Amino acid sequence: MSTVTQADPAASAGSARQLSERRPLGDRGFQVLTLACGLLVLVILVLIVISTSQQASSWFTTEGTKIFARNWDPAAGQYGALTFIYGTAITAVIALVMAVPVSVGIALLLTEVVPYRWSRPIVYVIDLLAVVPSVVWGLWGILVFAPWIEHIYSSIGSGVTGIPVLDSLFGPPTSGASFFTAGIILAFMITPIVTSLSREVIATVPAIDREGAYALGATRLEMIRGSVWPHSQGGVVGAVLLGLGRAMGETIAAALVIGSSATITSHLFAPGYNMPAVIANEFGESFGLQRAALMGIGVLLFVFTIIINVIARGVVERSARRKRGA
Amino acid sequence: MAVVAEQQQPDLREAKGWRRTSNRIATALMVIAFVLVIVPLGFVLFTVIAKGASIISWSFLTSPIPPQVLPANVGGIGPAVLGTIEITALATVLAVPLGILGAIYLNEYGGKNWLAALIGFFSDVMTGVPSIIMGLFIFSIWVLHFGYSGLAGAFALGCLMLPVVIRSTDEMLKLVPNSLREGSYAVGATKARVTMTVVLPAAIGGIVSGALLAVARAAGETAPLLFTIATVTAANPNVFSGANTSLPSQIFTNASSSFAGAQARGWGAALTLIVIAFILMITARFVTARFARFSR
């Protein structure tokens, strides 16, 4: 379009009429069509909020602030969501504690250590991790991993019995399907996204910063600390937050391995529950207020993940903009 | 140092002592991080292949789903294979064109205006919406009024795919050089024509491969289907009405079963699902390598 207007002064007055601003109907129709498709994203997000809150409204109105109560007992008509919020926080934290160092380590390995020829196959392997569907992680988790790690849990559990803090974290009761197992499985699942985002951020560090550090005689570690890290800090934080959002919302694997027990406990090896898992397991057979409550837990989960994602994208974008400016 | 510098060459060898040790430790930790990932991944793939390969056969892939109590050699997962293909294909038909058109708006029309920035930002945010929320969403706006169907499942999967397709297509359109667009405008083409006949074909390799990756991810999703297709065991060739089933839903059901036969069928279904996702991923790589004129 701009090219057309730029051509105007060059053309003589007579032929300039032909190069008018008027566009054929089909052309304008196409623009409207693409705009509609773009707006679809916003429409869907708004519709999600409206329709799910509407379904959950009876839970919000009848329970009021008791939606954050501790007790979840459909038989007794108690629908407090605190247990599940707690479980979501615990499993997400366990997943992050394990996945973040590993992901950043792999990202650094890919960008700073191995030659390009080798980094390709490593990226393929990490991508492969993302291709394994959630439900397959869950199947493996519950049938293979949980029975195997149960022995480790119980020996750690009996080992720490009586030691003040450790006992309340790792002591019995222990079970193969537990907060910790869910955290481990979630860690595997968020590793690909945290790795690839961190790698992208780290790859934008200017080569001149690296070379400068090396020229001053820095070792690779010192170069990473002095040149790479200050530059990519913000982006890596954003990547970690996106991983957190994923870990909070990941449903099926957690539903299979978390143990499905609505309890708040500091014991990490004990069975628990989290928000997506309780929706997946109980929604099908629920009705009335319980269904509204599960829908409401979904609304809370949606709100939490949206907040985290908005912050994460903001952080990533700001660090990207700063980099472009520099 | 400065005093002796005149006579002595600077020492360019590797740093000594703790500096060298800490550097080596850091490198070793990075390698260990990678090993920590590939060992469990290898273990998962090995288990799925070992347990799945023993049960998979043509009749397993096509036979009806038997009751869970029956042993592994009876029946198969035919209805689930059919359901997965139907629902994923329908979701692709719904989401991919809309996503590509949305990306065209972002890149060709929106440019840097606030609305395009807003849509782009929320597409990114939407990729982070948990898949189970999409299931609840379609349940409340569709299933409550029209009942369970493959179409409802396709809507839910489509909602998951849409932002992914928008983002990957947008990235690809950005790579198309502006000179191509300007050349077409110069010969008098309208914007719609330039986009459809010049820009899209130039980026088609990357767009297709991005869409295939989105399909591969959607095919493995269970959570959006739980409350939209209702997971039955009978085959349902009509994707537009009636409860349906899919591979991930069947695996989910069988994983929580205590019967050995059902678990074995779960492993077989898991292998089938991974192979499908894998084929899509490899096709995507092939398409990128073969057809991408402007891609990374």
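The values are calculated or read from the model by the stated rules, or taken from the named source; none is laboratory data. Note that this is a predicted model, so its numbers are computed, not measured. Note that each Cβ is placed from the backbone with ideal geometry, even for glycine, and that neighbours are counted across all protein chains shown. The area values use the complete protein model at the heavy-atom level, side chains included, leaving out ligands, DNA and RNA. Shrake-Rupley method; radii C 1.70, N 1.55, O 1.52, S 1.80 Å.
Summary of values
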quantity	calculated
Boolean, A:ILE185 is in contact (Cβ under 8 Å) with a residue 12 or more places away in the chain and open to solvent by 50 Å² or more (accessible area, probe 1.4 Å)	no
Residue match in region B:104-127 (condition: in a loop (DSSP other than H, G, I, E, B), basic (Lys, Arg) and open to solvent by 10 Å² or more (accessible area, probe 1.4 Å))	yes
Complete set of residues in region A:263-280 that are aliphatic (A, V, I, L, M) and over 10 Å from A:TYR86 (Cα atoms)	A:LEU268, A:ALA270, A:ALA277, A:VAL278, A:ILE279, A:ALA280
Top-ranked residue in region A:170-182 [being assigned to a loop (DSSP other than H, G, I, E, B) and open to solvent by 10 Å² or more (accessible area, probe 1.4 Å); ranked as modelled with the highest pLDDT]	A:ALA177
The listed residue being hydrophobic (A, V, I, L, M, F, W, C) and within 21 Å of A:LEU40 (Cβ to Cβ), out of B:VAL215, B:VAL198, B:VAL176	B:VAL215
Some residue of region B:92-103 being closer than 25 Å to B:ALA223 by Cβ, away from every other protein chain (no Cβ under 14 Å) and either open to solvent by 30 Å² or more (accessible area, probe 1.4 Å) or among the basic types (Lys, Arg) (or both)	yes
Helices (runs of 4 or more DSSP H) contained in region A:1-77 and holding at least 3 residues hydrophobic (A, V, I, L, M, F, W, C), surrounded by 14 or more Cβ atoms within 10 Å (Cβ to Cβ) and at pLDDT 85 or above	A:25-63
Residue in region B:129-140 that is more than 10 Å from chain A (Cβ to nearest Cβ) and either surrounded by fewer than 24 Cβ atoms within 10 Å (Cβ to Cβ) or within 30 Å of B:ALA235 (Cβ to Cβ) (or both) present	no
So A:PHE170, is it over 22 Å from A:ALA239 (Cα atoms), more than 25 Å from the chain's Cα centre (by Cα) and in contact (Cβ under 8 Å) with a residue 40 or more places away in the chain	yes
Near pairs, Cβ below 6 angstrom, 6+ apart or cross-chain, from region A:234-256 (under 18 Å from A:ASN281 (Cβ atoms)) to any residue that is polar (S, T, N, Q) and assigned to a helix (DSSP H, G or I)	A:MET248/A:THR88; A:MET248/A:THR305; A:GLY249/A:THR305; A:ILE252/A:SER134; A:ALA253/A:SER134; A:ALA255/A:ASN281
Extreme residue, modelled with the highest pLDDT, among residues of region A:312-326 that are crowded, with 17+ Cβ neighbours inside 10 Å and more than 10 Å from chain B (Cβ to nearest Cβ)	A:VAL315
Pairs, first at the interface with chain B (Cβ under 7 Å from one of its Cβ atoms) in region A:35-61, second surrounded by fewer than 18 Cβ atoms within 10 Å (Cβ to Cβ), C-beta under 6 Å, six or more apart	none
Members of region B:14-69 found to be in contact with a Pro (Cβ under 8 Å, 6 or more places away or on another chain) and either assigned to a loop (DSSP other than H, G, I, E, B) or under 18 Å from B:ILE251 (Cα atoms) (or both), listed by number	B:PRO64, B:ILE65
A:TYR86, sole failed condition from (1) in contact with a helix residue (DSSP H, G or I) (Cβ under 8 Å, 6 or more places away or on another chain); (2) under 18 Å from A:PHE179 (Cα atoms)	(1)
Pair list, Cβ under 7 Å, 6 or more apart: region B:164-192 residue within 11 Å of chain A (Cβ to nearest Cβ), other residue among the hydroxyl-bearing types (Ser, Thr, Tyr)	B:ILE166/B:SER123; B:ARG167/B:SER123; B:ARG167/B:THR127; B:GLU182/A:THR3; B:TYR185/A:THR3; B:ALA186/A:THR3
Check on B:VAL69, closer than 24 Å to B:LEU226 by Cα, at pLDDT below 90 and aliphatic (A, V, I, L, M)	yes
Test result for A:ASP167, of a type in the set (Asp, Glu), within 12 Å of another protein chain (Cβ to nearest Cβ) and surrounded by fewer than 17 Cβ atoms within 10 Å (Cβ to Cβ)	no
Extreme residue, least open to solvent (accessible area, probe 1.4 Å), among residues of region A:198-239 that are farther than 18 Å from A:VAL104 by Cα and in a helix (DSSP H, G or I)	A:ALA213
Helices (runs of 4 or more DSSP H) (entirely within region B:171-286) containing at least 1 residues that are buried (at least 24 other Cβ atoms within 10 Å of the Cβ)	B:200-219, B:223-226, B:247-255
Only listed residue being modelled with pLDDT under 90, within 11 Å of another protein chain (Cβ to nearest Cβ) and out of contact with any strand residue (DSSP E or B) (no Cβ under 9 Å at 6 or more places or on another chain), chosen from B:GLY120, B:GLY111, B:GLY158	B:GLY111
Count of residues meeting criterion [buried (at least 21 other Cβ atoms within 10 Å of the Cβ) and part of a helix (DSSP H, G or I)] in region A:272-291	6
